[in-house]
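Reading through the structure tokens given below for one structure.
The values are calculated or read from the model by the stated rules, or taken from the named source; none is laboratory data. Everything quoted here is computed from the prediction, not taken from an experiment. Ideal geometry is used to build each Cβ from the backbone, glycine not excepted, and the neighbour counts take in all protein chains shown. Surface areas here come from the heavy atoms of the whole protein model, side chains and all, with no ligands, DNA or RNA. Shrake-Rupley method; radii C 1.70, N 1.55, O 1.52, S 1.80 Å.
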Amino acid sequence: AQSVTQLDSHVSVSEGTPVLLRCNYSSSYSPSLFWYVQHPNKGLQLLLKYTSAATLVKGINGFEAEFKKSETSFHLTKPSAHMSDAAEYFCVVSEGTGGFKTIFGAGTRLFVKA
Amino acid sequence: GAVVSQHPSWVICKSGTSVKIECRSLDFQATTMFWYRQFPKQSLMLMATSNEGSKATYEQGVEKDKFLINHASLTLSTLTVTSAHPEDSSFYICSARSNLGEGREQFFGPGTRLTVL
């Protein structure tokens, strides 16, 4: 069975400092992993995805994530936070082919202080 | 890139009325569409999965007679909340999966805010 755990419900950083949002997963098969961002009252925007190619994945807006199979982790990082990064972030795992299942993490709210 | 639209973006209705929400894939054909519900400050909860031309598959605990889903074409799925009540007030988000490419990525609509008075 697959599951996703986002280890922090809230993360607060100062503008210009690094961001780390943690995600652990469990999957019976080779999963695809995604990070999405959601701004208030908006839909979800894909930041990046891992689909069994390079383990270090670069996304939009300076975000990147590293797939570590041994640690079953897919943490999201950014070297320098910007005020506009304040939002809700979801780690998502998807496995299987055809009728695949997609599971969302509970979300991490990122606060960015001036 | 792949774009999914939802209409309306927000709706307010009286208790007991029915509300239809449309989800369209604008520049690709979506063999599968998904409907999610999101409560304030919570994650997305999958309600149902619909494949074009067939009946939707509902998640456990979701009333299929309450939330009617139709996926009549490869670019359109609709969710109808029948006899809506205040507890149905929520943010509803659809997503669509392309029949091309890697296949696991979902493209999300902007969401529909439903408020039932």
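Looking only at residues in the stretch A:92-113 that are at pLDDT 95 or above and more than 9 Å from every other protein chain (Cβ to nearest Cβ), the one that is farthest from the chain's Cα centre (by Cα) is A:LYS113. State whether the residues of the stretch B:48-56 include one that is surrounded by fewer than 19 Cβ atoms within 10 Å (Cβ to Cβ) and closer than 25 Å to A:SER3 by Cα. So far as the stretch B:48-56 goes, yes, one or more of its residues are surrounded by fewer than 19 Cβ atoms within 10 Å (Cβ to Cβ) and closer than 25 Å to A:SER3 by Cα. Are any residues in the stretch A:92-114 within 14 Å of A:THR51 (Cα to Cα) and surrounded by 21 or more Cβ atoms within 10 Å (Cβ to Cβ), and if so, which ones? Passing the criteria: A:VAL92, A:VAL93, A:SER94, A:THR102.
Would you call B:MET33 within 13 Å of chain A (Cβ to nearest Cβ), open to solvent by 70 Å² or more (accessible area, probe 1.4 Å) and within 14 Å of the chain's Cα centre (by Cα)? When the stated conditions are applied, B:MET33 does not pass them. Report whether or not B:GLY61 is part of a loop (DSSP other than H, G, I, E, B), open to solvent by 60 Å² or more (accessible area, probe 1.4 Å) and at positive phi. Here the answer is yes, as B:GLY61 does meet what is asked. How many residues are assigned to a strand (DSSP E or B), surrounded by fewer than 20 Cβ atoms within 10 Å (Cβ to Cβ) and in contact (Cβ under 8 Å) with a residue 40 or more places away in the chain when one looks only at the stretch A:25-71? Selection size over the stretch A:25-71: 1. Can you work out which of the residues in the stretch B:64-79 that are among the hydrophobic types (A, V, I, L, M, F, W, C) and either open to solvent by less than 40 Å² (accessible area, probe 1.4 Å) or assigned to a strand (DSSP E or B) (or both) is modelled with the lowest pLDDT? The selected residue is B:ALA72.
Flag: A:LYS78 matches the condition of being buried (at least 19 other Cβ atoms within 10 Å of the Cβ), within 13 Å of the chain's Cα centre (by Cα) and more than 13 Å from every other protein chain (Cβ to nearest Cβ). Residues of the stretch A:56-85 that are of a type in the set (S, T, N, Q) and closer than 21 Å to A:THR102 by Cβ: A:THR72, A:SER73.
Check whether at least one residue in the stretch B:80-92 is of a type in the set (Val, Ile, Thr), farther than 24 Å from A:VAL37 by Cα, outside any strand (DSSP E or B) and modelled with pLDDT of 95 or more, and report yes or no. So far as the stretch B:80-92 goes, yes, one or more of its residues are of a type in the set (Val, Ile, Thr), farther than 24 Å from A:VAL37 by Cα, outside any strand (DSSP E or B) and modelled with pLDDT of 95 or more.
Of the set (1) within 12 Å of the chain's Cα centre (by Cα); (2) within 21 Å of A:LEU44 (Cβ to Cβ), all apply to B:ASN70 but (2). Here is the figure for the stretch A:1-23: residues that are touching a Leu at 6+ places or on another chain (Cβ under 9 Å) and open to solvent by 40 Å² or more (accessible area, probe 1.4 Å) total 5. Restricted to the stretch A:33-64, and to residues there that are among the hydroxyl-bearing types (Ser, Thr, Tyr) and at the interface with chain B (Cβ under 10 Å from one of its Cβ atoms), the residue that is farthest from A:PHE104 (Cα to Cα) is A:SER52. Taken over the stretch B:83-99, the criterion of being in contact with a strand residue (DSSP E or B) (Cβ under 9 Å, 6 or more places away or on another chain) and open to solvent by 30 Å² or more (accessible area, probe 1.4 Å) is satisfied by B:HIS85, B:PRO86, B:GLU87, B:SER89, B:ARG97, B:ASN99.
Scanning the stretch B:1-14 for residues that are over 12 Å from B:TYR92 (Cα atoms), in contact with an Asp or Glu (Cβ under 9 Å, 6 or more places away or on another chain) and either open to solvent by less than 90 Å² (accessible area, probe 1.4 Å) or more than 14 Å from chain A (Cβ to nearest Cβ) (or both) gives B:ALA2, B:VAL3, B:SER5.
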